[in-house]
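Quick notes on the structure that follows.
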Amino acid sequence: MARRRVKLAYISNDSKRKATYRKRKKGIIKKVSELTTLCGIPACAIICSPFDSQIEAWPNREGVEQVIERYENTYVIDQSKNVNQESFLRKKISKAEDQLKKLRRDNHEKELTMAMFQHMQDENLSNMPFEYANDLNKLIEKNLNDIEIKMAKLSV
């Protein structure tokens with residue numbers, strides 16, 4: 001027999017709400033118990049009931065205190081490793097901006113290289129802006145230096 005889907009909404013009937021609470025609480029405690037048994041990890045459950053004045057703790061109060069103490073100690077040790085979302089996003093943005101700068105620089109250098117080869121064929125530099133011509137001059141000097149270094153290595 002298939003189970004029907006339960007509508008998740010506040011149960012206004014007190015007796016139904018108490019019955020549902022008891023069943024769900026039992027299920028949660030069972031799941032935590034299974035998790036500790038199957039995975040061998042410390043776990044606990046703290047349940048505050050509107051029907052009981054006492055807070056229920058699984059496996060017991062001392063076990064809960066041990067798990068919480070372990071969590072707090074681990075949190076203090078690992079706090080330096082923890083990264084909040086804001087600093088994570090700032091680092092990602094900074095990295096992306098650096099990549100963008102590098103790509104723009106590479107694109108500019110490739111444009112200059114293409115212009116250099118085009119102007120070598122046409123020998124017409126009159127319509128080129130001064131800044132562009134200046135950058136092209138620097139690129140040509142860099143390429144000449146690279147060629148001289150390679151020729152020196154070959155002649156050795």
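The values are calculated or read from the model by the stated rules, or taken from the named source; none is laboratory data. Computed from a predicted structure; not experimentally measured. Methodologically, a virtual Cβ is constructed for each residue, glycine included, from the backbone with ideal geometry; neighbour enumeration extends over all protein chains shown. Note: accessible area is taken over every heavy atom of the protein model, side chains too, but ligands, DNA and RNA are not part of it. Shrake-Rupley method; radii C 1.70, N 1.55, O 1.52, S 1.80 Å.
In table form, for the structure just shown:
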read-out	value
Members of the stretch 66-75 that are under 19 Å from G40 (Cα atoms) and open to solvent by 100 Å² or more (accessible area, probe 1.4 Å)	Q66, E69, R70, Y71
Looking only at the stretch 37-93, and only at residues there that are among the hydroxyl-bearing types (S, T, Y) and part of a helix (DSSP H, G or I), the one that is modelled with the lowest pLDDT	Y75
Of all residues in the stretch 12-43 being more than 19 Å from I55 (Cβ to Cβ) and small (G, A, S), the one that is most open to solvent (accessible area, probe 1.4 Å)	S12
Check on K153, open to solvent by 90 Å² or more (accessible area, probe 1.4 Å) and modelled with pLDDT of 90 or more	no
Close pairs from the stretch 7-32: first of a type in the set (D, E, K, R), partner surrounded by fewer than 12 Cβ atoms within 10 Å (Cβ to Cβ), Cβ under 6 Å, at least 6 apart	K18/F51
Selection count where residues are over 32 Å from the mean Cα position of the chain (by Cα) and in contact (Cβ under 8 Å) with a residue 12 or more places away in the chain, scope the stretch 37-49	2
